[in-house]
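S.K.: First the structure, then my questions, so here it is.
The values are calculated or read from the model by the stated rules, or taken from the named source; none is laboratory data. All figures in this text were calculated on a predicted structure; none of them were measured in a lab. We place every Cβ from the backbone using ideal geometry, glycine too, and count neighbours over all the protein chains shown. Please note that ligands, DNA and RNA were not included when accessible areas were found on the heavy atoms of the full protein model with its side chains. Shrake-Rupley method; radii C 1.70, N 1.55, O 1.52, S 1.80 Å.
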Amino acid sequence: MSAAVEPLIAVEGLRKSFPIQRGLFGGKAGEVHAVDGLDFAIAPGETLGLVGESGCGKSTAGRLLLRLIEPTAGRVSYRGTDIAGLDRAAMLPFRQRMQMIHQDPYASLNPRMSAGDIVGEPLVIHGIGNAAERREKVAALFARVGLRPDQQQNYAHEFSGGQRQRLGIARALALGPELIVCDEPVSALDVSIRAQILNLLMDLQDEFGFSYLFVSHDLAVVEHISHRVAVMYLGRIVELTDRATLFDAPLHPYTEALLEAVPVPKVRPGGGRKARRKPLVGDVPSPINRPRGCHFHPRCAYAHDRCRSEEPALREVTPGHQVACHLHDGGPRLPLALPG
Ligand code: SF4
């Protein structure tokens with residue numbers, strides 16, 4: 001995001017840890033550091049992809065952004081207002097402007113309400129319009145997301161997975177949001193349906209101009225929809241840059257390894273990706289007992305002594321490209337070329 005653009009939402013030093021209790025009445029046995037000092041901003045109309053393996057804290061980051069859970073520390077600024085400390089009443093106008101689309105729409109849709117009532121419920125909760133106006137709005141939302149008018153009478157279990165996600169999208173649109181957090185919105189869908197839903201999300205953004213935080217473990221999906229991408233590892237952002245740079249010239253060894261692990265095209269017309277990278281080995285360590293220094297060092301093919309003791313800071317290495325790695329902060333440079 002250009003420094004000249006006023007962000008829609010910005011987070012600084014955002015942290016969330018969950019205490020681990022010892023037994024039913026015991027004291028605190030430890031902490032799960034789910035999100036550990038995030039700094040990023042999203043511009044109006046922008047999609048920021050947030051990627052990483054499961055357990056890296058990306059869904060928690062999305063929930064913190066919407067204040068569905070309270071941060072342990074840090075600021076969440078919405079158009080310049082810090083919403084992290086607002087009480088319920090003061091938060092209400094912001095709730096209208098920030099919505100969420102879930103991975104599993106079935107779990108998030110009330111099975112006892114008709115589809116029309118599900119989509120119209122946010123309007124009722126926020127006291128928007130009279131009954132006739134709400135009916136008209138719901139009908140327009142059904143049409144816009146590609147559902148038939150008669151489907152308003154149906155219940156969630158009568159819809160297919162893709163239709164349920166359309167229902168979730170219609171509900172998220174009801175209040176005219178400026179920001180939508182999409183938490184793995186196509187992961188539970190058949191491959192044939194994914195592109196339809198992604199294209200719908202992109203068309204809606206073109207039409208209404210809202211921003212997305214798009215949380216996904218699927219790099220191919222993130223590449224399709226994002227303007228910029230942040231890569232998370234064990235609660236921290238390790239690389240953040242524009243989509244083309246991240247996929248064609250990644251700098252962090254974790255990003256390189258993630259790209260090596262997914263079946264995305266390695267060569268494109270007019271460009272292409274680096275031929276071979278170090279593959280990802282092992283699992284994400286426990287967020288309860290994180291490795292010292294760079295959290296990625298036990299899995300990193302380029303780890304050296306400094307990595308085991310000193311945590312790398314997220315630095316801007318070229319305009320708009322941030323990386324947290326000692327290979328890119330003036331530390332000792334190691335050869336990145338792979339043998340063979
Ligand atoms: Fe690898 Fe060291 Fe960079 Fe961490 S800081 S990613 S261990 S080279």
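S.K.: Let me confirm the definition first: pairs of Lys residues in the chain, 8 or more apart or on different chains, C-alpha distance under 30 Å. How many are there?
M.R.: So the count works out to 8.
S.K.: Rounding to the nearest 20 debye, state how big the charge dipole of the chain is about its Cα centre with +1 on each Lys and Arg Cβ and -1 on each Asp and Glu Cβ.
M.R.: So the magnitude is around 540 debye.
S.K.: If you take the charge dipole of the stretch 9-328 about its Cα centre, with +1 on Lys and Arg Cβ and -1 on Asp and Glu Cβ, which of 96, 176, 314 is farthest toward its positive end?
M.R.: Result: 314.
S.K.: Label residue 5 and residue 135 with points 7 Å out from Cα along Cα→Cβ: what is the distance between them in nm?
M.R.: It is 4.2 nm.
S.K.: How far, in degrees from 0 to 90, does helix 191-208 lean away from the longest principal axis of the Cα atoms of the chain, to the nearest 10?
M.R.: For helix 191-208, the angle is close to 80 degrees.
S.K.: Would you mind finding the longest exposed-site-free stretch of the chain, with exposed trypsin sites (Lys or Arg not before Pro) meaning DSSP loop and at most 13 other Cβ atoms within 10 Å?
M.R.: 113-265
S.K.: May I ask for the net charge around residue 104, where only other residues with Cβ less than 10 Å from the Cβ of residue 104 are counted and Lys, Arg are +1 while Asp, Glu are -1?
M.R.: -1
S.K.: With a 1.4 Å probe and every protein chain kept in, tell me what percent of the accessible surface of the chain is carbon plus sulfur.
M.R.: Summing carbon and sulfur atoms, their accessible area is 52 percent of the total for the chain.
S.K.: Additional query: So what is the 222 nm mean residue ellipticity for the chain from helices alone, if each DSSP H run of at least 4 adds -39500 (n - 2.57) and you divide by all residues, rounding to the nearest 500 deg cm²/dmol?
M.R.: Helix-only estimate at 222 nm: -9000 deg cm²/dmol.
S.K.: From the P(r) of the chain, can you give the percent of Cα pairs sitting at distances over 25 Å?
M.R.: Percentage above 25 Å: 56.
S.K.: Can you tell me the length gained on complete extension of the stretch residue 128 to residue 329, counting 0.36 nm per residue apart and subtracting the Cα distance?
M.R.: Stretched out fully, the residue 128 to residue 329 stretch lengthens by 67.2 nm.
S.K.: Using 7 Å Cα-to-Cβ label points, what is the residue 154/residue 91 separation (nm, one decimal)?
M.R.: Taking the simple label geometry, residue 154 and residue 91 are separated by 3.4 nm.
S.K.: Let me ask something additional. Any idea of the accessible area per residue across the stretch 9-328, 1.4 Å probe, to the nearest Å²?
M.R.: Accessible surface, normalised per residue, equals 45 Å².
S.K.: Still on this structure: Assuming R0 = 25 Å, what is the FRET efficiency of residue 286 and residue 313, from their Cβ-Cβ distance, to the nearest 0.05?
M.R.: Computed FRET efficiency for residue 286 and residue 313: 0.60.
S.K.: Residue farthest toward the positive end of the dipole of the chain, with Cβ of Lys/Arg at +1 and Asp/Glu at -1: which of 160, 7, 72?
M.R.: Highest projection toward the positive end goes to 72.
S.K.: From Cα pairs below 8 angstrom and at least 6 apart in sequence, can you work out the relative contact order of the chain, rounded to a whole percent?
M.R.: Contact order relative to length: 19 percent.
S.K.: Leaving ligands, DNA and RNA out of it, work out the accessible area of residue 126 with a 1.4 Å probe and give it in Å² to the nearest 10.
M.R.: Spelled out: residue 126, probe radius 1.4 Å, area about 40 Å².
S.K.: Still on this structure, I have one more. Between residue 195 and residue 31, how high is the FRET efficiency from 1/(1 + (r/R0)^6) when r is the Cβ-Cβ distance and R₀ = 30 Å? Nearest 0.05.
M.R.: E(calc), rounded to 0.05, equals 0.15.
S.K.: Here's another thing I want to ask about it. Rounded if a/c is under 1.5, else prolate if a/b is larger than b/c, else oblate: which is the stretch 1-130, with a ≥ b ≥ c the root eigenvalues of its Cα gyration tensor?
M.R.: oblate
S.K.: Run the numbers for residue 262 and residue 245: contour at 0.36 nm per residue of separation, minus the present Cα-Cα distance, in nm.
M.R.: Once the chain is fully extended between residue 262 and residue 245, it gains 4.4 nm.
S.K.: Work out the charge dipole of the chain with +1 on the Cβ of Lys and Arg and -1 on the Cβ of Asp and Glu about the Cα centre, then indicate which of 297, 119, 224 is farthest towards its positive end.
M.R.: So the residue furthest toward the plus end is 297.
S.K.: Using a 10 Å Cβ count of at most 16 others and DSSP loop calls, identify the longest part of the chain lacking such GluC sites (Glu not before Pro).
M.R.: 54-309
S.K.: Related question: How much net charge surrounds residue 147 when only other residues with a Cβ under 11 Å from its Cβ are counted (Lys, Arg +1; Asp, Glu -1)?
M.R.: +3
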